[in-house]
Amino acid sequence: MLVLALIAAGAFAVAAVPYLLCAALIGVLDPDVPDAPDTPDAEPEPTVSVVLPTHNEAEIIETRLRNLCALDYPTDRLEVVVVDSGTDRTAELVRAFFDRPGTPSLVMIEEESRRGVAAAVNEAVDAASGEVILRTDCDSALAPDVVRRGVRRLATPGVGGVTGTQTEFLGDSRVERDYRGLLTELQLLESRLDSVFIVHGPCFLFRRDEFEPLPTNTLADDTEIAVRIRRNGSRVLVDPAIEFSESGTSAFTERRRRKDRRARGLLDLLARHRDAIGRYGWYGRFVLPVNAWMMWISPWAAALGTVAIVLTALSVGPIGLVVPLGIAAGFALGSAERLGPLQPVYPVADSMVSLLVASYRLRESQDGTWRIDRSSREAFE
Ligand code: GDP
Ligand code: MN
């Protein structure tokens, strides 16, 4: 029994290492983003191409395009590149929308078959004429000043990309909001030290000349772009003043499916870029190892610790059953957002489950496409 208890303690300690390390560094460094540099004479106004992949988004595409037209940026410096792989009326609606006067220019690419988002993004960036790319998606909305703030950041030498923070949660999910809150803290630390690892697909601006074509079967094209930018020598930052909203899913299974898929994409990405660990300054010496530890090691260590704790408890006698029941209750309450003061840490446990499922499913082959979360689209209609 003592052995089991020691294994449990050791396993949880291993799981906690990257979290404690980051918390300590955040305490010491107070990672606040510096103000965007003052631009003495004029605001930078590079040409910007908004890249929008779509797959059967007819219900929400017009809402999405109206939001893009509300961006505070000169229309003649803005272009929208839509890559559509769907079979519904999306492409038709897009064309009709841009036929109206006062809209930015449109580059419309219609794919013959569905090839996944990474292939679509490759093609869109290739066709884009802007100096800056804003990669976004359909079930999200951007604050009007996103481009202005983004290009200001990108004007800093050595900065190749910038992502924002999610401020509004359509179809509200507290778990998702808490998870994003923790992620922002991590991104701020990474920005401060070197370069951000995970970036947000709905709101990611980068300099076009930093882009390198993506492998088409990746499930995390957004973060993949960021890794390549850093490997080619530039940094990626987060700027919390760059605000976007994305539909969080209320339904449990849909939320799980989306999180499991995203986790799978990140695990796969880290594995493919493992040769970057130890290189590229703080990025390879801290940012990547911490993320890899959180994603590859912590979930398994925590699972081992949980099993050991349950076995320890059961070895005491039937009374020990309260431990597994308590853990199960904790998960049920957490996902129902009823954990009270412990609720803010629940997303860590929740994402560990996604990562476990994801690492198990990683051996399945995948072509870079996924089932689109339709319930989250309803928040837009
Ligand atoms: P999530 O935000 O990570 O849940 O991913 P989404 O399911 O919202 O997909 C991101 C964007 O890519 C959405 O605008 C989709 O319509 C679009 N999309 C998804 N799969 C494909 C695809 O295979 N081809 C193209 N062209 N677009 C896609
Ligand atoms: Mn989306």
Taking the beta-carbon count within 10 Å as an exposure proxy, list 257, 338 from fewest neighbours to most.
338, 257
List every residue whose amide H lies under 5 Å from the amide H of residue 238, counting only residues 5 or more places away in sequence or on a different chain, with H placed 1.01 Å from N in the peptide plane.
163, 191
Positive-end residue of 244, 46, 349, charge dipole of the chain with Cβ unit charges
349
Whole number please: convex hull volume per residue, Cα atoms of the range 217-256, in Å³.
102 Å³
To the nearest 0.05, the calculated FRET efficiency linking residue 6 and residue 338 through their beta-carbon distance, R0 being 51 Å, is 0.95
How high is the relative contact order of the chain, in percent, counting Cα pairs under 8 Å that sit 6 or more residues apart?
22 percent
Of the residues 94, 58, 24, the Cα lying farthest along the dipole of the chain towards its positive end, which is defined by charges on the beta carbon of Lys, Arg, Asp and Glu, belongs to 24
Counting only residues 5 or more apart in sequence or on a different chain, those whose built amide H sits under 5 Å from that of residue 88 are 56
Between residue 108 and residue 362, what is the label-to-label distance in nm when each label sits 7 Å out along the Cα-to-Cβ direction?
4.2 nm
So how tilted is helix 252-272 from the main axis of the chain? Cα-based, degrees 0 to 90, rounded to 10.
80 degrees
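Values quoted throughout were computed directly from the atomic coordinates according to the rules given, and no laboratory measurement underlies them. None of the values given here were measured: they were computed from a predicted structure. All Cβ positions, glycine included, derive from the backbone under ideal geometry; neighbour counts span all protein chains shown.
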